[in-house]
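The values are calculated or read from the model by the stated rules, or taken from the named source; none is laboratory data. This structure is a prediction, so every number in the text was calculated from the model and none was measured. Virtual Cβ from ideal backbone geometry, glycine too; neighbours counted across all protein chains shown. Accessible surface is based on the protein model in full, side chains and every heavy atom, while ligands, DNA and RNA are left aside. Shrake-Rupley method; radii C 1.70, N 1.55, O 1.52, S 1.80 Å.
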Amino acid sequence: MKKLLFLSALLLGAWSLNGAEVFIPAKNNRPIVQIKVFSHYAPIIKAENEFREIMRHALGVRDYDGNSGFYTIQFGIAGDDSCPAADELMKKHNMTPEKLGRDGFLFDKVSKKSFLLCSYHPKGVLNGVYKILEKTLGVVSPRPLVGLERPFPVTKVTPLALPYSEVPAFEIRTFGLSGVAHRNPQYHMLDWQARNLMSSGGSRNITGYFDAGWSHEPYGFFRTINGHSFHFWLPPKDYFKTHPEYYSLIDGKRVAAVKGAQIALGNPEVVDIIVKRMLAYKKEHPEMKFLPFGCNDTWTNGFGWGDDPLCMKLDSPRDYPKPGSKRPRTFSTRYIKTANKIIERLNKVFPDLQLSVYAYHYVMMQPPDAPVHPNLQVSFCPLYKCCRHTINDPMCPRNRMFHEWLLGWAKKTKNIFIHDYYQSTNVNTPLMPLYLIKKEIKYYHSLGIKGLASELSSDGPNGGNVYGKEYFAWLRATPRDFETRWDAAGLGYFAFTRLLWNPDEPLEDIVKLYCDNYYGEAAGKYMAQYHLMVSRNLEISSHPGEKPSTPVAGDFVNTGEWCLCWNWNHKVSSYAAQLFMATDPDGIRKNATELMIPLLKAWKAACDSQNRLVVERVGKDIELMEKYLLSAGFEVSRKSYRTFKPKFTRIDFRNQDNN
C-alpha cells in the first residue's frame, strides 16, 4: 500500500515549472483536488460550488463532488481570524488589503499536498476560482445563454506557476440591464457577470434594488444603486400638493412630472428633506456604500431644471454659452453644489458614505463651476457620443466635446466612472467593434478612471423580464430579438469584461478564448479568424484618426460621415457597407468572399464534428452573414454549404415581382 501511495505521489506531485511550484486541477481528464472551506461567507460557498460545476462541465465528469482528491485546495479569508493560514500566506508575500482590494487574490502551495486560495474579501476568492480554472483548463463562460455548456470536454491542462496573484485594473466593472424593466433576478446574467469577474451585478435604480438586490449576495457584488432618484427622495404624491415650490418652475408653472421636470435644488427645505430621508434609508440598509442622487431622466423643457430664483442663485455665469456659441446651457453647477451640501451633512453621521451623481446629457456633462466633494461618485454618461471612434479621437467631430468635458471632470475629481451605452436599438449588428472597445478602455485606464458600467439587454428569451412603464414601449422586442442581439454582439460584451480586468490583454487572446469555449477548438480556430477580420474591416471603415471631409452640423454636436450613435436607426445595409468596405458589387463580392472563407471552414469543422452545439452556434453567425449580404444585394448559394466554397448570386431588386 505504501508503495502504491509513493508511486501516486511521483505521478501526481512534485510538479515544477522552471523550478517553481505549479498547480494543476486534473490529470488524465480526472479531477485530483478536493475542496476545503475555512471562511464560510456566501461568496466562498459560491466559489466552492462553482469550482465543482466548472470542473464537471470542463472535464465531462458529472460525478465530481469535490470531496476527494490527492490534493486539497483551501479557500479562506485573511484579516478576520477565520483562517490563520491565510494571514500567514499574505504576510509571507507582503500582501495587504490596499494591494489586493476587494477583488484581488493570492494562490500558493502551503504544504506538500495543500494549496490555499485567499483574499481579504470573499469576492476575491470567487474571482480566484474563475482565474485559476481559466489558466489551467482554458475555461470561461462566453455568453449568459450558454453558461458553462461546452461543445467538447477539455483535453489539455496547463500547469499554473505559483505563487499566483491578480488584481483588476478597474474597481468598477459592471453591466446594467436596460431597455425594459428587469424586476426579477436573471440568474443566467448574474452567473455570467460573476464568471467574467465583474465587480457588480448591475447598477439598479432604488426600486429595482428592492425587487432583486438581494439576489446579488452570493456573488460578492458590491451593492450599488444608481439611476434617476429625485422623485424617490422627494415624492410628488407626498409633497407637491402642499409644497409645489419644491419642484421645478418652468414657464411660470410648477411642474412635478417624471418626464420634463426636476426638483428645486435651491430650496433649503428640499435639501433638509432629502438629507433626512437618506439618513433614514442608510440606517435601514447599512450595507449600502453608495446612495443615488440622480436627476430625473427627461429630454424636454431644457431637461426640466427650470428657472426657480433660488435655483438660479446656485448657477454660475460660466454655465451660459457665450454669444453666438452653439454650446448648451449647463445646469451641472447648481446640481453639484447641492450634492456637495447633502454629502457633507451625510458624512457627519456616516463618514464613508458616498453619493452617486450624474454627468449626464448635454446639459450636465460640462464640469461644474464648483468643487466636487471627494465622496461624490461621478457617473460620466457620454449619452450621444460616436460609437465608431474613441472618445479621444481628435478627428471625430462628434466626440471632441465629450472628451473636453471628461477631461474637465477629471481635473476636479478622481472619483469618476464611465456609464456607457453598449446596447443599441438594433438587433442584428454590434454597436462597438472590438478594436474600439480595447482602445477606449485603455485610454480610460490611462486617465485613472475608476471603472466602467455599460447598459445592455439580457441574453435569451427572458430578456424582457417584466416590461416597464409605457415610455419603454419603443424599446420592446420579441423574445428572439434579445438572443439575436447577443448573437451579433456577444463577443464584444465578453471582450468588455476581459479588458476591464486587464486592458493590456491582446484582442487575439480574448477572441481565441471566446471561440474555443463557444465553438470548440476545431471550428473556433476559423471563427477566431472570422471575428478578427470583421473587427479589422470595421476599423478600416471607421477611418480612425482621419478628418471627415464634410462634417454635418447637428445643433452644437457635429457629426462626421463615419460616425454612429447608439440610439440612431442602425440599418443592416449601412453596417454591411462598413463590413464589406464597399458599395459596388465587385468590391462587395471580393471582400465578402474573404470573410466567408473562414466562416465556411468553421461550418465544415462543425459538420464534421457532428456536434449539435457547434452546428447551432456557427449557424447563427452564418445567418447573420446572410442578412448582411442580402442587404447588400447578394444571396449566398446553398451550394456554398455543400462545397464549403463561397458562391453568391447577385439580386436585382428592380426586376423582383413586388405583388
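Among the GluC sites (Glu not before Pro) in region 257-313, those located in a DSSP loop and surrounded by at most 16 other Cβ atoms within 10 Å of their own Cβ are Glu287.
Going through region 383-430, which trypsin sites (Lys or Arg not before Pro) have at most 15 other Cβ atoms within 10 Å and a DSSP loop state? Sites meeting the loop and neighbour criteria: Lys414. Only one of the values (i) 25.3, 78; (ii) 50.8, 162; (iii) 27.0, 93 was calculated from this structure for Rg and Dmax of the Cα atoms in Å; name its label. Checking each listed value against the structure points to (iii). Across the options Leu500, Ala522, Gly490, the greatest Cα extent toward the positive end of the charge dipole of region 483-552 (unit charges at beta carbon of Lys, Arg, Asp, Glu) belongs to Gly490.
In percent, rounded to a whole number, the relative contact order of region 279-405 is 22, using alpha-carbon pairs under 8 Å and six or more apart. Report the one residue of Phe107, Leu117, Pro159 whose Cα lies farthest in the direction of the positive end of the charge dipole of region 106-181 (charges on C-beta: Lys and Arg +1, Asp and Glu -1; origin at the Cα centre). Of the candidates, Pro159 comes out farthest on the positive side. Dividing the mean sequence gap of close Cα pairs (under 8 Å, 6+ apart) by how many residues region 71-168 holds gives a relative contact order of 30 percent. Sequence-ordered 3J(HN,Hα) estimates for region 330-346 from the Karplus curve with 6.51, -1.76 and 1.60 and θ = phi - 60° stand at 10, 10, 5, 5, 5, 5, 6, 4, 5, 4, 4, 4, 5, 5, 4, 6, 5 Hz, glycine and proline given as x.
Taking 20 Å as the cut-off, the amide N atoms of region 44-79 that come nearer than this to a point 7 Å along the Cα-to-beta-carbon line of His93 belong to 44-45, 47-48, 51, 71-79. Taking amide hydrogens as placed 1.01 Å from N in the peptide plane, the amide H of Tyr247 sits under 5 Å from those of Ala264, each at least 5 positions away in sequence or on another chain. Could you tell me whether region 496-643 comes out rounded, prolate or oblate from its Cα gyration tensor? Rule is a ≥ b ≥ c as square roots of the eigenvalues, rounded for a/c under 1.5, then prolate if a/b exceeds b/c, otherwise oblate. In terms of gyration-tensor shape, oblate. Across region 626-640, coupling constants 3J(HN,Hα) worked out from phi with the 6.51/-1.76/1.60 Karplus curve, θ = phi - 60°, read 5, 5, 5, 5, 4, 5, 9, x, 10, 10, 7, 5, 5, 4, 4 Hz, and Gly and Pro carry x.
Working from Cα pairs under 8 Å separated by at least six residues, relative contact order for region 14-94 is 31 percent.
Within the accessible area of region 51-151, the carbon and sulfur atoms contribute 47%, probe 1.4 Å, all protein chains present.
Which percent, to the nearest 5, of DSSP beta bridges fully inside the chain are antiparallel? Here the antiparallel bridges make up roughly 40 percent for the chain.
Scanning residues 5 or more positions from Phe105 or on other chains, those with amide H under 5 Å from its amide H are Glu166, with H placed 1.01 Å from N in the peptide plane.
For the peptides 217-230, 616-629, the ranking by packing is 217-230, 616-629, with the highest mean count of neighbouring Cβ atoms within 10 Å listed first. Within region 75-123, the trypsin sites (Lys or Arg not before Pro) that combine a DSSP coil assignment with at most 15 other C-beta atoms in a 10 angstrom radius are Lys112, Lys113. Probing with 1.4 Å while keeping every protein chain in the model, the per residue accessible area of region 474-566 equals 39 Å².
Each of Leu406, Tyr422, Met365 was scored by the projection of its Cα onto the charge dipole of region 342-461, and the greatest displacement toward the positive side belongs to Leu406; charges sit on the C-beta of Lys, Arg, Asp and Glu.
Remark: the Cα gyration tensor places region 47-196 in the oblate category, a/c being 1.5 or greater and a/b not exceeding b/c. Taking 4.7 Å between C-beta atoms as the pairing limit, the chain has these partnerless cysteines: Cys83, Cys118, Cys295, Cys311, Cys381, Cys387, Cys396, Cys515, Cys565, Cys607. Note that region 494-499 has calculated 3J(HN,Hα) couplings of 4, 4, 4, 5, 5, 6 Hz, one per residue in order, obtained from phi through the Karplus relation 6.51 cos²θ - 1.76 cosθ + 1.60 (θ = phi - 60°); glycine and proline are x.
Taken about its Cα centre, the chain carries a charge dipole of about 560 debye when Lys and Arg each add +1 at the Cβ and Asp and Glu each add -1 at the Cβ.
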